Amino acid sequence: MSEIDNRRLAMSDAGVARYEAKMREKDLEAFAFVLEDRRGRWLVARFAQENFRDRTTFRADAEAGFREGKRAAALVLFQRMRAAKERFGQLLLLAEAELWAAAEEAIRQAQKEDEDSGRG
C-alpha cells in the first residue's frame, strides 16, 4: 500500500469523498486534453485495441484477472512510450510526480475541511 493509500484510510468518509471528487476532476481534465487531439485519440484507441478491451483473456479468478489486466495494460502503455522516444521516459516520471502532487493537495484540502467542520 502506498503512502497516499495509508493517508486516505485515516481520512473521514467525507474527506475521502472530497479527495475522490478532486481526483475525478483531474482525470476529466486530462481525458479532455488527450481526447481533443487526434494523436491522443489515436493513442487511446491503440491502447484499447492492444489490451483486449473487447475480448476476455482470463478465465480463472475474475477479480484477480481484472486487476492483472489493468496492471498489464498500464505497463504496456508505459513501455511503449519509453520505447518510442527517450523523452517520454522523463515525461512519464513527470506525470507520476504530478499525480502524486495532485493527490497530496486533495488530501490536504480534505483533511483541512474535516478539521474545519470538527470531523478531523
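The values are calculated or read from the model by the stated rules, or taken from the named source; none is laboratory data. Bear in mind the structure is a predicted one, so any value in this text is a computation, not a measurement. Neighbour counts are summed over all protein chains in view; Cβ atoms, including those assigned to glycine, are modelled from backbone coordinates with ideal geometry. SASA here: full protein model, heavy atoms, side chains in, ligands and nucleic acids out. Shrake-Rupley method; radii C 1.70, N 1.55, O 1.52, S 1.80 Å.
When you scan the range 100-120, how many residues do you find that are modelled with pLDDT under 85, within 19 Å of Phe31 (Cα to Cα) and either surrounded by 15 or more Cβ atoms within 10 Å (Cβ to Cβ) or in contact with a His (Cβ under 7 Å, 6 or more places away or on another chain) (or both)?
Here the count works out to 0.
May I ask you to list pairs of residues, at least six apart or on different chains, whose Cβ atoms are under 8 Å apart, with the first in the range 1-21 being open to solvent by 50 Å² or more (accessible area, probe 1.4 Å) and the second being assigned to a helix (DSSP H, G or I)?
These pairs meet every condition: Arg7/Ile107; Arg8/Val16; Arg8/Tyr19; Arg8/Ile107; Arg18/Ala106; Arg18/Gln109; Arg18/Ala110; Arg18/Glu113.
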